[in-house]
Every structure is written in C-alpha cells, then in structure tokens.
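Rule-based calculations on the coordinates, nothing more; no lab input. Only a predicted model underlies this, so the values are computations on that prediction, with no experimental measurement involved. Note that each Cβ is placed from the backbone with ideal geometry, even for glycine, and that neighbours are counted across all protein chains shown.
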Amino acid sequence: MADLPLSLACWTYDRTRALIDGSIKPDGIDLDVKVMRPRVAFERMLATGEFDVSEMSLANFVALKGHDRCPLVAIPVMLSKMFRHDCIYVREGSGIATPRDLRGKRVGTMRYASTALVFARGQLQDEYGIHARDLDWFIGGINVPMRSTRPDNAAADTCVTLLSESQTLDAMLRDGKVDALMTQDLPESFVRGEPWITRLFSDSKAAEIDYFTRTKIFPVMHIVVMREDVHRANPWVAKALYTAFSRAKDAALHGLYDTDALHLSLPFLIQAVEESVRTFGPDFFSYGLDANRPAIDAICRYVFEQGLSKRLVSPHELFAAID
C-alpha cells in the first residue's frame with residue numbers, strides 16, 4: 001500500500017531539518033515539506049487550508065478554538081518555544097525602570113494578537129499586576145511603515161491608536177512619541193546600539209530563569225496543526241507525525257552536545273547545553289502536553305483574559321490523541 005501523501009509547511013529549524021532532508025520519515029506518510037517563514041505558513045493555512053499540516057501560532061489556534069470555529073486539529077509538537085522578557089524595550093528618560101512603571105504608558109507593537117505578545121502581556125499581568133487596559137497601545141510597523149488596523153480581538157476597554165503609513169514605532173520611540181515597544185522583531189535602533197533604547201529587563205536571561213524556576217512555564221510559541229478533514233479521514237497520522245517530529249528534535253538536540261566539533265557557530269555552545277540541562281532537565285526542548293502543561297494552561301487563560309476568545313479553552317481540547 002502506498003504511503004499517504006501529505007504537505008507540510010514549516011520553517012527550517014535544527015529540529016525540523018531531518019524531516020526536510022528526508023533522513024527521518026514519518027511511518028506511512030510521504031511528506032512534501034514546504035519551507036517558509038512561520039508567519040507566511042500561518043496566514044496561508046488560516047486563509048485557505050492550503051496545506052495538510054502546518055506550523056501554527058499557538059495563540060491564534062487557541063483563539064479559534066475559543067470561538068468554536070476551528071477547522072484544525074493540533075499535534076503536541078511544540079515547534080517553537082521562547083521566553084519573551086527580552087521583547088520589551090524602553091526609551092531612556094521615559095520614567096520606566098521596572099515593569100510596574102509601564103502602567104499608563106504608551107506602548108508600541110506590530111502584532112497585538114501574536115503569541116509572543118499574548119505571553120508578554122500575561123506575564124505582566126501575573127507578575128506585576130499590569131493589564132492590557134492599563135497601557136495605551138500604538139500599532140504599526142516597527143522598522144518599516146505598514147498599513148495597520150485596529151485588532152478586532154482587542155478588548156473594548158483597550159485604548160488603541162493606529163500609526164499612519166509613513167510612521168514607524170522605532171522612530172516614534174526615538175522621538176518620545178511612545179514610551180516603550182513590545183515586539184518580537186528587533187528594533188533597528190537597538191541593533192545599531194543606539195544609547196536611548198534599552199531592554200526593560202537588562203538581564204533578561206536571569207529574569208527568564210527565575211520565571212521558569214518559579215512557574216515552570218517555558219512559553220510555547222508555535223505548534224503543529226493538521227486540517228480537521230485530514231485528521232478525520234486518517235486519525236493515525238497524528239501519532240505518526242508526533243513520533244517523526246520527536247525523533248527529528250531528539251537527533252538535533254543530541255547533535256548539539258559534541259565537543260569534537262561545534263554543530264552551531266556559537267563559541268559557548270557546550271556550556272549553553274550544559275546550563276540548559278541544569279535548568280530544564282535532559283529534555284530541555286520537550287514536546288507533549290504533559291511536559292508543557294504549565295505553558296499551555298497559561299496561554300489558554302491569557303487568550304481568554306485578554307479578550308481574544310469568548311470562552312476559556314481547556315488544554316485537552318487542543319490536541320489529537322497520540323497514545
């Protein structure tokens with residue numbers, strides 16, 4: 001019997017490379033991998049269901065579930081994880097020295113409903129009592145002007161100002177027209193080392209380790225989804241894909257810890273791996289719901305509390321059975 005042909009859209013991570021080059025194959029599946037930036041994959045999958053399987057924004061997926069109009073089924077492959085303490089930038093002289101100082105300030109962002117921003121706002125709420133409604137939001141391009149619209153999922157009590165198509169948030173921060181930026185995209189001024197912009201958490205790594213130690217939350221950014229019709233016709237596919245993604249990830253992580261020759265162009269890679277094991281345990285980029293339950297519980301709650309979903313979604317609603 002011929003393998004089932006399926007298309008997969010995802011980015012080229014170390015943990016997906018073995019699926020892309022075919023050195024690891026899911027059992028019973030002939031996988032046609034389309035390599036593309038995550039945002040592109042999200043948009044095309046959500047717009048038309050173009051692919052059988054795709055990388056997907058976790059916040060977008062939870063919001064769809066919460067509005068009971070989701071044509072997708074998730075697999076508990078946590079394809080992208082990233083702490084977001086380092087995504088808040090402030091202007092010198094803005095009066096913002098601590099997270100609590102953000103209250104009442106003007107904050108610029110480009111993707112209000114992105115998973116990164118949902119997690120960042122959730123952390124501010126849980127850790128410092130700062131809610132989205134406590135900030136004045138300015139939405140537009142970070143480094144390049146863009147046409148912006150009010151997010152239809154921003155709560156009614158949230159103050160939103162849209163930038164014109166000639167403005168950028170990086171320049172507005174420089175000119176004192178906003179006080180802070182909350183963005184997963186690096187502001188060009190920060191990359192250039194301009195003295196007037198800095199991260200709110202000056203030692204973001206220490207803040208992130210402390211946060212994980214207390215909460216056990218390693219924020220999940222992207223998961224893997226398949227179309228519901230594909231899952232309904234082939235329920236075995238979820239486990240086959242989960243197994244293949246897990247094998248690819250394990251191969252990538254194992255390859256990092258090699259003192260014969262560095263697998264990545266990072267001088268302190270070995271020390272970073274050892275520190276990650278001490279902090280997170282041997283499987284420091286774990287997949288599966290149980291291993292990521294604190295982060296999944298948090299994002300479900302944040303999506304609901306921030307008005308992005310009409311109901312609180314249970315983590316068990318999100319993922320196909322893989323047992």
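Some notes on this structure:
- Placing +1 on each Lys and Arg Cβ and -1 on each Asp and Glu Cβ, with no other charges, gives the chain a dipole about its Cα centre of roughly 720 debye.
- Straight-distance candidates among the aspartates and glutamates for linking to Lys249, with alpha-carbon spacing under 14 Å and chain neighbours fewer than 8 residues away dropped: Asp14, Asp21, Asp283.
- Counting neighbouring Cβ atoms within 10 Å and putting the fewest first, the residues Leu200, Leu289, Leu264 line up as Leu264, Leu289, Leu200.
- Crossing angle, helix 293-305 versus the chain [Cα axis fit, 0-90 degrees, rounded to tens]: 50 degrees
- Rounded tilt (10° steps) of 115-128 against the dominant C-alpha axis of the chain: 60 degrees
- Between the Cα long axis of helix 269-280 and the first principal axis of the chain there is an angle of about 90°, rounded to the nearest 10.
- Computed log10 I(q)/I(0) for segment 1-123 at 0.10, 0.15, 0.22, 0.23 Å⁻¹: -0.44, -0.82, -1.33, -1.40, from the Debye equation with unit scatterers placed on every C-alpha and solvent omitted.
- Length added when fully stretched, Phe284-Arg150, from 0.36 nm per residue minus Cα-Cα: 44.5 nm
- Three-way shape call for segment 85-215 based on the alpha-carbon gyration tensor, with the a/c threshold at 1.5: oblate
- Exposure proxy ranking, count of Cβ atoms within 10 Å, fewest first, for Val73, Val191, Val224: Val191, Val73, Val224
- Counted by neighbouring Cβ atoms within 10 Å, the residues Arg103, Arg311, Arg301 run from fewest to most as Arg311, Arg103, Arg301.
- Members of Lys105/Lys216; Lys65/Lys239; Lys81/Lys239; Lys34/Lys81; Lys81/Lys205 lying beyond 24 Å, as alpha-carbon distances in this model show: Lys105/Lys216
- Choice from Lys205, Lys310, Lys249 showing the highest fluctuation, given a GNM over the chain with Cα pairs closer than 10 Å: Lys205
- Based on the Kirkwood approach, the hydrodynamic radius assigned to the chain is 20.9 Å, with every pair of different Cα atoms included.
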